[in-house]
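The values are calculated or read from the model by the stated rules, or taken from the named source; none is laboratory data. Because the structure is a prediction, the values reported are computed rather than measured. Glycine gets a Cβ as well: all are built from the backbone with ideal geometry, and neighbour counts include every protein chain shown. Areas reflect the complete protein model, heavy atoms only, side chains present, ligands, DNA and RNA absent. Shrake-Rupley method; radii C 1.70, N 1.55, O 1.52, S 1.80 Å.
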Amino acid sequence: MTLHPQPLAPALAAAEAAGRTTVRLDLDGVGGKADLMRRCGDALRLPEWVGGNWDALADALRDLSWLPAAAAGRLVAVTGWRGYAGARPAEWETFVEVLEEAVDFWRGREPGLAVLLAEPEPEPEPEPEGGPEPESGRRSAAGAPPRTPRLKRRRG
């Protein structure tokens, strides 16, 4: 499973139209692992037994009995993640690994789990004063997303 950044609004609309339960996990301003674990706990309404470590989070995401029932599955939309991913790349890689493992675990099982790394909605570019410029076929290069890791053993 690879998590590819996608626009948020169409993904949420499609998930809700399909009857999925959606949860938004906003990571804007997260400064480290402890902060991340608190945000996960709050957004996902994790049970109190989930400690502040990767293995406990992974266990909780494989259980999901504590979340409201969702016949068509669940979608976790992760927003505001680029700042954390850039500032704490090793922690980000581990977090993505935990998410990938959870999605892989639920693949083919009911009710299922999907995770979306939400991209901010693009802002329209202002037109130049002389009107629109002809298409040159070139696009401006956007910053590449942080590398999506392959599975590895977690620590802590």
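Candidates Ala13, Ala34, Ala43, Ala58: the one that is in contact (Cβ under 8 Å) with a residue 60 or more places away in the chain and under 23 Å from Arg82 (Cα atoms) is Ala58. Are any residues in the range 50-101 polar (S, T, N, Q) and under 30 Å from Gly19 (Cβ atoms), and if so, which ones? Listed by number, the residues that qualify are Ser65, Thr79. When Thr21 is tested against (1) open to solvent by 70 Å² or more (accessible area, probe 1.4 Å); (2) in contact with a strand residue (DSSP E or B) (Cβ under 9 Å, 6 or more places away or on another chain); (3) not hydrophobic (A, V, I, L, M, F, W, C), just one condition goes unmet, and that condition is (1).
Within the range 136-146, identify whether any single residue is surrounded by 10 or more Cβ atoms within 10 Å (Cβ to Cβ) and either modelled with pLDDT under 95 or not hydroxyl-bearing (Ser, Thr, Tyr) (or both), and answer yes or no. Yes, there is a match, as at least one residue in the range 136-146 is surrounded by 10 or more Cβ atoms within 10 Å (Cβ to Cβ) and either modelled with pLDDT under 95 or not hydroxyl-bearing (Ser, Thr, Tyr) (or both).
One residue stands out in the range 1-18 among those that are under 24 Å from Ala56 (Cα atoms) and under 12 Å from the mean Cα position of the chain (by Cα): the one that is surrounded by the fewest Cβ atoms within 10 Å (Cβ to Cβ), namely Thr2.
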